Each structure stands twice: as structure tokens, then as C-alpha cells.
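The values are calculated or read from the model by the stated rules, or taken from the named source; none is laboratory data. Being a predicted model, the structure only gives us computed values, none of them experimental. No Cβ is skipped: glycine too gets one built from the backbone with ideal geometry, and neighbour counts run over all protein chains shown. With ligands, DNA and RNA removed, areas are computed over all heavy atoms of the protein, side chains included. Shrake-Rupley method; radii C 1.70, N 1.55, O 1.52, S 1.80 Å.
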Amino acid sequence: MQRIPVAGPWITQKEIDYVTDAVANAWYANANMYHERFENAFAAYIGVKYAMALPSCTSAIHLSLLTLGIGEGDEVIVPDCTWIASAAPISYVGATPVFADIDPKTWCISAESLEECITPRTKAVIPVDLYGSMPDMDAIRHLARKHNIVIIEDAAEAMGSKYKGKCAGSFGETGVFSFHGSKTLTTGEGGMLLTDRGDLYQRAAVLRDHGRQPGSVMFWNSEVAYKYKMSSMQAALGLAQLERIDELLERKRQQFEWYKHELAQVEGITLNAEPDGMRNTFWMVTVVLDPKLHINKTELMQRLAKYNIDTRPFFHPLSSLPAYEDLPQTQAARQRNKIAYQISPYAVNLPSALAVTEEQIRYVSDILKTEVS
Ligand SMILES: Cc1ncc(COP(=O)(O)O)c(C=O)c1O
């Protein structure tokens with residue numbers, strides 16, 4: 001029996017045709033033809049003015065921090081439970097990450113904890129739309145205004161999610177997406193920086209091209225900067241995927257419904273939430289086990305693996321990782337972030353590849369029910 005994949009794309013002839021066309025034609029004077037179409041369509045879909053295709057979401061966060069002038073001596077607040085890419089660029093620019101607790105329902109940053117973490121050095125917050133969920137954006141925006149801090153929205157995992165009708169990725173000074181191979185919309189590797197601010201967009205355009213003005217062909221660099229570009233083949237793939245976004249998102253929501261039908265009533269299991277006013281696109285269907293079951297995430301992953309079921313661990317609190325052991329803020333975060341430390345040890349992402357079928361979801365759910373009963 002084949003392993004049931006935890007992540008993976010849905011590629012059709014359209015993607016193959018667009019990439020083939022890019023390979024054949026998107027060179028020299030036409031090198032940017034797919035970037036422009038992808039960026040324009042993406043900005044329109046999310047509802048922001050500017051979109052910049054990049055090699056990764058990590059680079060989009062890095063450029064966000066640089067264009068917002070964040071650096072040495074500044075603090076940036078991130079939720080404790082997220083992929084390290086949300087936080088690593090804070091260190092790239094010489095600032096300090098501060099880890100806030102997560103909300104028990106949405107698993108995203110808790111507004112109360114965010115407020116507790118704010119100091120006179122706080123310059124920005126990076127709320128993360130974890131697994132397609134979204135935090136209480138009204139509360140976060142209120143706090144950001146009140147304390148004069150900027151929002152960089154990490155929507156890497158939340159393509160198509162909405163909060164009160166507004167798209168994930170449109171809530172901050174900048175919003176960022178990932179198109180890594182595991183994502184709902186993929187370009188293999190890739191990312192997007194979004195903003196309504198022309199000044200940030202213009203600055204990012206210089207910083208991502210070794211410090212030269214966009215369009216400059218005279219190799220005249222005004223500063224030492226970065227090389228952050230997406231290839232034409234990736235942009236073509238992204239455009240094809242974006243043109244199919246409704247069916248990609250519908251499939252994700254359908255998969256969640258299948259899991260919900262099987263698991264929602266099972267005692268000791270909690271699935272992803274979709275509070276009123278939020279539209280969750282369920283990038284990763286996730287179960288949180290009641291600690292009373294005495295099955296931690298590693299144990300559950302091993303048990304499911306025996307049945308050819310691939311899973312991923314819920315992100316470990318960043319403050320628990322060796323990478324942040326020496327950070328002065330880490331000890332305080334370990335004490336403060338009760339919910340992160342309650343949920344993370346008992347939560348697992350279930351098979352959520354776009355190719356996973358209803359029958360496979362029934363199989364996974366049956367095994368899971370047996371294991372927790
Ligand atoms: C929440 C979050 N932020 C940032 C990233 C970084 O994305 P990339 O791998 O495209 O740099 C990811 C990617 O997995 C992510 O899940």
C-alpha cells in the first residue's frame with residue numbers, strides 16, 4: 001500500500017503547458033512576462049496594490065523587516081508556535097524575536113499575550129495564519145495602532161483564508177506568502193510580498209536586486225543588498241495554480257469536511273477551528289489530542305506511520321528549540337506561553353495533500369479512532 005501523503009500539490013495539464021511555454025519563450029526581453037501576470041493576478045486576488053514574486057516567503061519576511069527599517073535594538077513579536085521561518089529573518093536584521101503565546105482555539109497569536117509582550121523597543125508584530133487559521137485581527141490591529149507598531153502578516157499557510165471577508169495577507173503593512181511544494185498553491189519553492197504602500201514596494205524592488213533601481217541595465221549599484229528573484233518557470237507555475245485557485249481551495253475545504261464528518265464527535269480529539277467571521281482554508285488538517293489520553297505527538301506519529309500514514313508534528317514552541325536556547329527572552333516565553341506548551345506536545349498534522357481521497361481520509365480516521373479509544 002502506498003503511503004498517504006501529508007502534503008503535496010495538484011498539478012494539471014494547465015500547469016505543464018504554462019511552464020513549458022515559459023521554458024521555451026520567457027527569456028531575455030520576455031523574461032518577466034509570467035512574473036507580471038502572476039503578480040498582477042495575485043495582488044488582485046488578495047485585494048492589495050502591489051505584489052512582488054520572490055524565491056521564498058523567508059525572503060519576503062526579510063525584505064519586509066528591511067523596508068520597514070527594523071534592525072539592531074528593536075524587538076519583533078511572533079507567536080511561539082510557527083515554522084522558524086516566521087522568526088529567523090528577525091535575527092537576520094539584528095533585531096530580537098519575542099515569542100507570544102497562542103490562542104487555544106485558532107492556534108494563532110493571542111492578542112492578550114501580544115499586549116503583554118509589548119515594550120518600548122517593540123517595532124513590529126508578525127501574526128501567523130497557522131495552518132490556514134487566522135488570529136483575532138481586529139484586536140491585533142487595535143493593539144498595533146495603540147502602541148505604534150507595524151504588522152507583517154505571515155500568511156504563508158493561508159492562501160484564500162478570510163477574516164470578516166478580507167483576504168489573509170492583506171492585514172499588515174506587508175503580507176507574505178509561501179509557495180513551497182507543500183503549500184496549497186505551489187511554485188516548488190517561492191514566495192510573494194504584498195503591500196499597499198508604494199514606498200515599501202519601491203524600496204523592496206531595490207533591495208531584492210543587489211541595490212540597483214528596477215530596470216537599470218548599467219550595473220550601477222547604489223548599495224550592497226540581496227538577490228531575491230523568482231524564475232520565469234516558477235512564475236508560470238504560480239499563475240496556472242492561481243487561475244485554478246477556486247478548485248484548489250474547494251478541495252482543501254472538502255477534505256476538512258470529510259475529516260470532520262469522521263472525527264468531530266470523537267472524544268479527546270479537537271480539529272482546526274473556524275470561528276464566526278473567519279474562513280479557514282485548512283492548509284493542514286490537524287488533531288489536538290486530550291493530554292488525558294497520554295499519547296504525545298511523537299507516539300501518535302509513530303503509530304500512524306505503521307499504517308503507511310504520513311503526518312507532521314505540530315510546530316514545537318520556538319522558545320523550546322536549541323536555536324533559541326541562548327536568547328534572553330526564551331526563559332520568560334517558556335514560563336508565559338502556557339497554551340503553546342499545552343497544545344504543541346499533543347498535536348499532529350494529518351494527511352492533507354491535495355491528492356488525498358475521501359476513502360483515504362476514512363481509512364486514516366478509522367485508524368486514528370482505534371488508536372485513541
Ligand atoms: C508560517 C510560515 N512562515 C514562513 C514560511 C517560509 O516559507 P518559505 O519556505 O517559502 O521561505 C513557511 C513555510 O513553510 C511557513 O509555514
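Within the stretch 152-208, being of a type outside the set (Ser, Thr, Tyr), assigned to a strand (DSSP E or B) and within 11 Å of the ligand (Cβ to nearest atom) holds for Ile152, Glu153, Asp154, Val176, Phe177, His180, Gly188, Gly191, Met192. Here is the figure for the stretch 49-107: residues that are in contact with a strand residue (DSSP E or B) (Cβ under 6 Å, 6 or more places away or on another chain), more than 14 Å from the ligand (Cβ to nearest atom) and not in a strand (DSSP E or B) total 4. Scanning the stretch 20-29 for residues that are free of Cβ contacts under 8 Å to residues at least 60 places away in the same chain and touching a helix residue (DSSP H, G or I) at 6+ places or on another chain (Cβ under 9 Å) yields Thr20, Asn25. Among the candidates Leu318, Leu327, the residue that is touching a Cys at 6+ places or on another chain (Cβ under 8 Å) and either touching a residue at least 24 places away in the same chain (Cβ under 8 Å) or more than 26 Å from Ser373 (Cβ to Cβ) (or both) is uniquely Leu318. Just checking, does the stretch 32-39 include any residue being within 17 Å of the chain's Cα centre (by Cα) and either within 16 Å of the ligand (Cβ to nearest atom) or within 24 Å of His180 (Cβ to Cβ) (or both)? No, the stretch 32-39 contains no residue that is within 17 Å of the chain's Cα centre (by Cα) and either within 16 Å of the ligand (Cβ to nearest atom) or within 24 Å of His180 (Cβ to Cβ) (or both). Sub-6 Å Cβ pairs linking a first residue in the stretch 182-198 that is more than 13 Å from Ala51 (Cα to Cα) and of a type in the set (A, V, I, L, M) to a second residue that is more than 10 Å from the ligand (Cβ to nearest atom) and open to solvent by less than 20 Å² (accessible area, probe 1.4 Å), at least 6 apart or interchain, are Leu185/Met159; Leu185/Gln241, ordered by first then second residue.
Cβ-Cβ contacts under 9 Å between residues 6 or more apart (or on different chains), taken from a first residue in the stretch 281-297 that is farther than 18 Å from Ala7 by Cα and among the aliphatic types (A, V, I, L, M) to a second residue that is part of a loop (DSSP other than H, G, I, E, B) and open to solvent by 50 Å² or more (accessible area, probe 1.4 Å), are listed as Leu289/Asn296.
Scanning the stretch 213-257 for residues that are within 18 Å of Met192 (Cα to Cα), of a type in the set (S, T, N, Q) and in a helix (DSSP H, G or I) gives Ser232, Gln234, Gln241.
Number of residues in the stretch 112-155 that are surrounded by fewer than 20 Cβ atoms within 10 Å (Cβ to Cβ) and of a type in the set (Asp, Glu): the value is 4. Among the residues making up the stretch 10-66, those that are of a type in the set (Val, Ile, Thr) and more than 30 Å from Val150 (Cα to Cα) are Ile11, Thr12, Ile16, Val19, Thr20, Val23. Scanning the stretch 108-124 for residues that are assigned to a helix (DSSP H, G or I) and either of a type in the set (Ser, Thr, Tyr) or over 25 Å from Ser59 (Cα atoms) (or both) yields Ala111, Glu112, Ser113, Glu115, Glu116, Cys117. Within the stretch 4-31, the only residue that satisfies the criterion of being at positive phi and within 16 Å of the ligand (Cβ to nearest atom) is Gly8.
Restricting attention to the stretch 256-308, the residues being of a type in the set (Phe, Trp, Tyr) and open to solvent by 20 Å² or more (accessible area, probe 1.4 Å) number 2. When the residues of the stretch 335-353 are filtered to those that are open to solvent by 10 Å² or more (accessible area, probe 1.4 Å) and in contact (Cβ under 8 Å) with a residue 12 or more places away in the chain, the one that is farthest from Asp290 (Cα to Cα) is Arg336.
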